[in-house]
Amino acid sequence: MINIFSKLFGAAKSTSVLGIDVGSSSIKIVQIKLKKGRAILETYGALALGPYAEKEVGQATNLPIEKTIEALNDIMREAKVTTKVSGLAIPFRSSLMSVIEMPDVPDKELAQMVPIEARKYIPVPIAEVSLDWSVIPRDKYAEGGSNADEDKKISRKFPTKDVLVVAIHNDAITKFQNLVVQSGLDTKFFEIEIFSTMRSVISSQEKAPIMIFDMGAAFTKLYIAERGIIKQSHTINKGSQDITNTISQSLQISVIEAEKLKRSVGLLETDEGKKMSDIVDITLSYIFSEANRVIVNYQKKYNKAVQKIVLVGGGSALKGLVPFAENKFGASVILGNPFEKTETPAFVEDVLRSAGPEFSVAMGVALRRLQELN
Ligand SMILES: Nc1ncnc2c1ncn2[C@@H]1O[C@H](COP(=O)(O)OP(=O)(O)OP(=O)(O)O)[C@@H](O)[C@H]1O
Ligand SMILES: [Mg+2]
């Protein structure tokens, strides 16, 4: 239950790359390589961090750097990773993201203006963060929200550009730099997990607004993307560990027993399952009503419907969650399957499909590292 790992193919050192996702409750890694222009899955694995913090599997942790290094080395060894060439995901909570409106000036000028303007939007001293930004291309076919006419009037007078500004806490960068150096990794970039997930579970053809629903241990993160661009994000302060804790309290069983029951029964309609689904529902109802509120606000603001919801994160592996979510959202819901973008042997397809949601971030990072090899 603690680990899953597998070695699927022999590895070719030169082109193998590793995607690393250090989550709050577990570390996930994926190793892929390029063969005849296609990504091939070589090995993958997840390791629960709870036991490194004297907590149970499935619970969120806040580990000191030494423990994180130990865990990362353990999972790399267990999964028989053969490369150090890697990329690393940065948790969304270590970042701040804002879309700001800037005058329509050339990028060179913008580069000087953005850090000054960003001070108004970033609620921490600018010296404590590293800034990155990119211009959001205008949607020519946008129908516009309730303020669209007003917006157009303003933009006719003063042409503007929307700029996505991303700030990462320097503390997080220092922590991950230490992790990289002390683990002897050849890591080319840190990427905020939201972008990794988008790469691994959303097709570049998708134009309509999609919501990614990432249910981790302590939090559920929501991102709404349109044409591959993040338009909105939101964090709900409940996650899958809250389900475990409620089961443990309601049934008067240990946390580890509750975790097992959560994973084996989930929302399945069995005789004993009815009682369980009532308990599970306590946490899920809260999370889904928050998520619905985010969708409704988005729809009001942009006058566009969110057409699809993609469930990712370990918590989304809960049995019966897809029909449950479909019912709550009244929209099409799918489980993210990041392994779809790689070649895998047919006999492990089912295993990978159910493990998929958990590995969305790690796979997205690995895919970027592979792209950047050439
Ligand atoms: N089969 C399963 N059914 C239900 N829940 C599961 C299953 N497998 C894992 N989980 C739950 O998923 C949660 C962990 O999800 P995940 O690994 O995505 O979180 P994380 O990445 O560590 O957290 P975060 O992204 O918030 O830092 C745990 O609380 C665990 O109990
Ligand atoms: Mg995560």
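Taken together, the values in this text are just the output of simple stated rules run on the coordinates, not laboratory data. Because the structure is a prediction, the values reported are computed rather than measured. As a convention, Cβ positions derive from the backbone with ideal geometry for all residues, glycine included, and neighbour counts pool all protein chains shown.
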Going residue by residue through region 232-246, the Karplus relation 6.51 cos²θ - 1.76 cosθ + 1.60 with θ = phi - 60° gives ³J(HN,Hα) values, rounded to whole Hz and with x marking Gly or Pro, of 7, 9, 7, 10, 9, 8, 9, x, 5, 5, 5, 5, 4, 5, 5
Volume per residue (Å³) of the convex hull spanned by the alpha carbons of the chain is 150 Å³
Rounded to the nearest whole number, the Stokes-Einstein translational diffusion coefficient of region 241-295 at 25 °C and 0.890 mPa s (Kirkwood radius, C-alpha pairs) in µm²/s is 214 µm²/s
DSSP beta bridges in the chain: the antiparallel percent, rounded to 5, is 75 percent
Pseudo-spin-label distance ILE253 to LYS300, built 7 Å along Cα→Cβ, given in nm, is 4.2 nm
Taking R0 as 41 Å and r as the Cβ-Cβ distance between SER354 and ARG293, the FRET efficiency 1/(1 + (r/R0)^6), rounded to the nearest 0.05, comes to 0.90
Scalar couplings 3J(HN,Hα) for region 88-97 by Karplus 6.51 cos²θ - 1.76 cosθ + 1.60 (θ = phi - 60°), nearest whole Hz, x for Gly and Pro, are 10, 8, 9, x, 4, 5, 8, 10, 10, 10
Quick calc, ASP186 & PHE347: beta-carbon distance into FRET formula, R0 35 Å, rounding 0.05, result 0.65
Here the relative contact order (percent) of the chain, from C-alpha pairs under 8 Å and at least 6 apart, is 21 percent
Expected max-MSF residue from ALA317, ALA48, ALA346 in the GNM of the chain (alpha carbon, under 10 Å) is ALA346
Given backbone amide H placed at 1.01 Å from N, residues whose amide H is under 5 Å from that of ILE230, ignoring those fewer than 5 places away on the same chain, are none
Here the relative contact order (percent) of region 210-303, from C-alpha pairs under 8 Å and at least 6 apart, is 21 percent
Percent of all alpha-carbon pairs of region 69-118 at distances over 16 Å, whole number, is 64 percent
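What's the longest piece of the chain with no exposed chymotrypsin sites (Phe, Trp or Tyr not before Pro), counting a site as exposed if DSSP puts it in a loop and it has at most 13 other beta carbons within 10 Å? Before the final figure, lay out the partial values.
Working: sites that count: TYR121, TYR141.
Maximal segment without exposed cleavage sites: 142-374.
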Any aspartates and glutamates whose Cα falls less than 13 Å from that of LYS36, other than same-chain ones fewer than 8 residues away, would be GLU343
Violations at 23 Å Cα threshold for listed pairs LYS120/LYS161; LYS231/LYS262; LYS207/LYS300; LYS275/LYS328 -> LYS231/LYS262
In region 256-299, the GluC sites (Glu not before Pro) that sit in a DSSP loop and have at most 15 other Cβ atoms within 10 Å of their own Cβ are GLU269
Helix-only [θ] at 222 nm, the chain, -39500 (n - 2.57) per DSSP H run of 4+, per residue, nearest 500, equals -12000 deg cm²/dmol
Long-range amide H partners of LEU49, meaning residues 5 or more apart or on another chain whose placed amide H is closer than 5 Å, are SER26, ILE27, GLY58
